[in-house]
Amino acid sequence: MRWRRSRLSGTIPGIVWDSQGYRVGWGKGYFDAVLERLPSWATSIGLTYDQQVVERVPREEFDLPVDLIVTETRVIRL
């Protein structure tokens, strides 16, 4: 099976997300490493509930945002 570029995506977990696509995770940096390794043409997706999306979360210089956030009621394209 050959992957087309537009079909590759990565689903990233998080505890809390902000409206710019940044997340609070478990503090180990594992998923920041995943985001860093995704090809630039891949789509990174955060899955969460509406109540877990806030205006802004604390972030560090190494944190990377996702391309879109999907909740039970909306899709936030970033």
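The values are calculated or read from the model by the stated rules, or taken from the named source; none is laboratory data. Note that this is a predicted model, so its numbers are computed, not measured. So basically every Cβ, Gly included, is an ideal-geometry build from the backbone, and we count neighbours across all protein chains shown.
Things to note:
- Filtered by the rule that a residue be assigned to a strand (DSSP E or B) and in contact with a Lys or Arg (Cβ under 7 Å, 6 or more places away or on another chain), the range 37-53 gives a lone residue, GLY46.
- When the range 23-32 is limited to residues that are over 14 Å from THR11 (Cβ atoms) and of a type in the set (D, E, K, R), the one that is modelled with the highest pLDDT turns out to be ASP32.
- When the range 13-29 is filtered for residues that are surrounded by 15 or more Cβ atoms within 10 Å (Cβ to Cβ) and hydroxyl-bearing (Ser, Thr, Tyr), only TYR22 remains.
- Reported count of residues in the range 33-78, each being closer than 12 Å to GLY10 by Cβ and surrounded by 10 or more Cβ atoms within 10 Å (Cβ to Cβ), is 15.
- The test for being in contact with a Phe, Trp or Tyr (Cβ under 9 Å, 6 or more places away or on another chain), part of a strand (DSSP E or B) and modelled with pLDDT of 90 or more does not hold for GLY14.
- Scanning the range 29-36 finds one or more residues that are in a loop (DSSP other than H, G, I, E, B) and either in contact with a Pro (Cβ under 8 Å, 6 or more places away or on another chain) or not β-branched (Val, Ile, Thr) (or both).
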